[in-house]
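Here's the structure, in structure tokens; my notes come after.
The values are calculated or read from the model by the stated rules, or taken from the named source; none is laboratory data. Worth saying up front: this structure is predicted, and the values here are computed from it rather than measured. For neighbour counting, all protein chains shown are included, and Cβ atoms are generated from backbone atoms with ideal geometry for every residue, glycine included.
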């Protein structure tokens with residue numbers, strides 16, 4: 001049974017993650033949006049540390065908050081967007097089509113989540129490996145779990161990240177101005 005300190009810490013980290021994600025989605029300035037995404041990634045790493053998966057927390061900080069988002073920040077700063085370069089918020093079909101696609105993808109992921117619930121849980125994976133509890137956050141059990149029991153969600157997540165990166169590239173692409 002977790003203590004009230006762990007529950008409050010987890011709640012605080014959850015609020016940090018949600019606020020950072022909402023700011024990343026809602027801020028119009030790309031630099032501040034990327035910085036708030038860094039805040040979200042650090043909150044997720046804190047949740048990993050709290051759950052005892054230190055390896056995942058370190059990887060979260062090094063790979064996502066450290067490498068990928070800092071690269072995004074450099075790209076955003078190098079393209080030097082001005083207020084005129086940022087298009088207004090979409091309306092009409094330009095708003096509802098992407099929202100519909102997002103809802104369809106969310107429904108597909110929720111359907112896949114029902115299939116994932118039938119997969120082995122953490123204790124079953126640990127029992128197969130006969131590893132002590134404190135080794136669960138290390139590389140070997142994580143690799144075994146990701147590439148055996150959780151391969152479908154792992155691949156769906158990688159596809160979702162790929163779609164997000166392609167979407168980010170399309171959003172920051174400047175429209176060519178043709179001269180006649």
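Only residues that are within 18 Å of residue 168 (Cβ to Cβ) and touching a residue at least 12 places away in the same chain (Cβ under 8 Å): list them for segment 35-69, please. Of everything in segment 35-69, those that are within 18 Å of residue 168 (Cβ to Cβ) and touching a residue at least 12 places away in the same chain (Cβ under 8 Å) turn out to be 35, 36, 37, 38, 39, 40, 41, 64, 65, 69.
Of the residues 52, 57, the single one that is farther than 18 Å from residue 164 by Cβ and assigned to a loop (DSSP other than H, G, I, E, B) is 52. Looking at this structure, is residue 76 modelled with pLDDT under 80, out of contact with any strand residue (DSSP E or B) (no Cβ under 7 Å at 6 or more places or on another chain) and buried (at least 18 other Cβ atoms within 10 Å of the Cβ)? Yes. Restricting attention to segment 9-31, the residues being modelled with pLDDT of 90 or more and over 17 Å from the mean Cα position of the chain (by Cα) number 2. Within the span defined as segment 92-114, one or more residues are assigned to a helix (DSSP H, G or I), more than 16 Å from residue 168 (Cα to Cα) and in contact with a helix residue (DSSP H, G or I) (Cβ under 7 Å, 6 or more places away or on another chain). For segment 146-175, which positions are more than 17 Å from residue 30 (Cα to Cα) and touching a helix residue (DSSP H, G or I) at 6+ places or on another chain (Cβ under 7 Å)? Matches in segment 146-175: 146, 149, 152, 153, 154, 156.
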